[in-house]
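Following: one structure in structure tokens, then a few remarks.
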């Protein structure tokens, strides 16, 4: 189906779901710390379109839509979009960005339980979701359920966007204290690729490695972002441990030649795992 946004399906059984990270507390700061250049997203979407994964007018589901960073460029390209996120605050920000007259809806819902009928969307776009969802496999299967036969599943990743020395130091300290598994959900994209293959999805590789950007990261800014709990990777550390590692990280930064004014240049790149649902 192209163009029309599907109505919610009724009769969905209500049962408890495992936890998922709710970004409501950092909704107002989210966009400032997740900064993929829109021009590179458009180039990626050009390549998905050229590969037949993003047909003109295709109805796109943005799962774990957040503030709409991944799907609003698709709205600009004329695609009808429906996005879901567990955070009403994030959804509200996404809605506030939708241009007047655009065919886009952002709603509050869990990706493991979508209010959509089977085979009701043409393309699924997902980014930075599965690692935050316990039982992420159920979310993936749910996305395949609502995807029409022959439709496209596009998982977009940002390699190297957050691997700065301060965050790596904080993470290494957590691991050294026994907190190696800090995400609720998916540990490796290889697990996602394997699940899609097991579900019968057909891999459709699209090269994005050259879609890179440069960003200068100041150590003191990263430390402040961690202090403000802007990264879900660390949310589930015990409070006392969090504060201890934060203090140790501050000491480590101060020991650097430029202290909190130290700067590292990062070169993040876009990457994607793409597949087609069997026709």
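The values are calculated or read from the model by the stated rules, or taken from the named source; none is laboratory data. Remember, predicted model here, so these are calculated numbers, not experimental data. Here Cβ is always computed from backbone atoms with ideal geometry, including for glycine, and neighbour counts include all displayed protein chains.
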message = On the basis of being closer than 30 Å to residue 47 by Cα and touching a strand residue (DSSP E or B) at 6+ places or on another chain (Cβ under 6 Å), does residue 201 make the cut?
response = yes
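Given the criteria closer than 26 Å to residue 29 by Cβ, modelled with pLDDT of 95 or more and more than 15 Å from the chain's Cα centre (by Cα), does residue 165 qualify? Walk me through how you get there before you give the answer.
Details: closer than 26 Å to residue 29 by Cβ: yes; modelled with pLDDT of 95 or more: yes; more than 15 Å from the chain's Cα centre (by Cα): yes.
Against the criterion (closer than 26 Å to residue 29 by Cβ, modelled with pLDDT of 95 or more and more than 15 Å from the chain's Cα centre (by Cα)), residue 165 qualifies.
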inquiry  = For a quick check of your reading: which strands (runs of 3 or more DSSP E) sit entirely within region 171-279 and have at least 1 residues that are free of Cβ contacts under 8 Å to residues at least 40 places away in the same chain?
reply    = none
key: Residue within region 67-83 that is part of a strand (DSSP E or B) and farther than 30 Å from residue 267 by Cβ present   = yes
ask   = Quick check, is residue 89 in a loop (DSSP other than H, G, I, E, B) and either within 22 Å of residue 158 (Cα to Cα) or touching a helix residue (DSSP H, G or I) at 6+ places or on another chain (Cβ under 6 Å) (or both)?
value = no
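Condition check ((1) at pLDDT below 95; (2) in contact with a helix residue (DSSP H, G or I) (Cβ under 9 Å, 6 or more places away or on another chain); (3) surrounded by 12 or more Cβ atoms within 10 Å (Cβ to Cβ)) across all residues:
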site	(1), (2), (3)
243	no, no, yes
259	no, yes, yes
262	no, yes, yes
267	no, no, no
272	no, yes, yes
276	no, no, yes
note = Within region 29-65, residues surrounded by fewer than 17 Cβ atoms within 10 Å (Cβ to Cβ) and either assigned to a loop (DSSP other than H, G, I, E, B) or touching a residue at least 60 places away in the same chain (Cβ under 8 Å) (or both) come out as 29, 31, 33, 35, 37, 43, 51, 52, 55, 56, 57
task = Considering only region 98-148, state which residues are modelled with pLDDT of 95 or more, under 14 Å from the mean Cα position of the chain (by Cα) and part of a loop (DSSP other than H, G, I, E, B).
result = 111, 129
task = Starting from region 129-148, take each residue that is touching a residue at least 24 places away in the same chain (Cβ under 8 Å) and at positive phi and list its partners that are part of a helix (DSSP H, G or I) and buried (at least 24 other Cβ atoms within 10 Å of the Cβ), counting only C-beta distances under 6 angstrom and pairs at least six apart or across chains.
result = none
query = Just wondering, is there one or more residues in region 190-213 that are in contact with a helix residue (DSSP H, G or I) (Cβ under 8 Å, 6 or more places away or on another chain), within 30 Å of residue 48 (Cβ to Cβ) and surrounded by fewer than 14 Cβ atoms within 10 Å (Cβ to Cβ)?
reply = yes
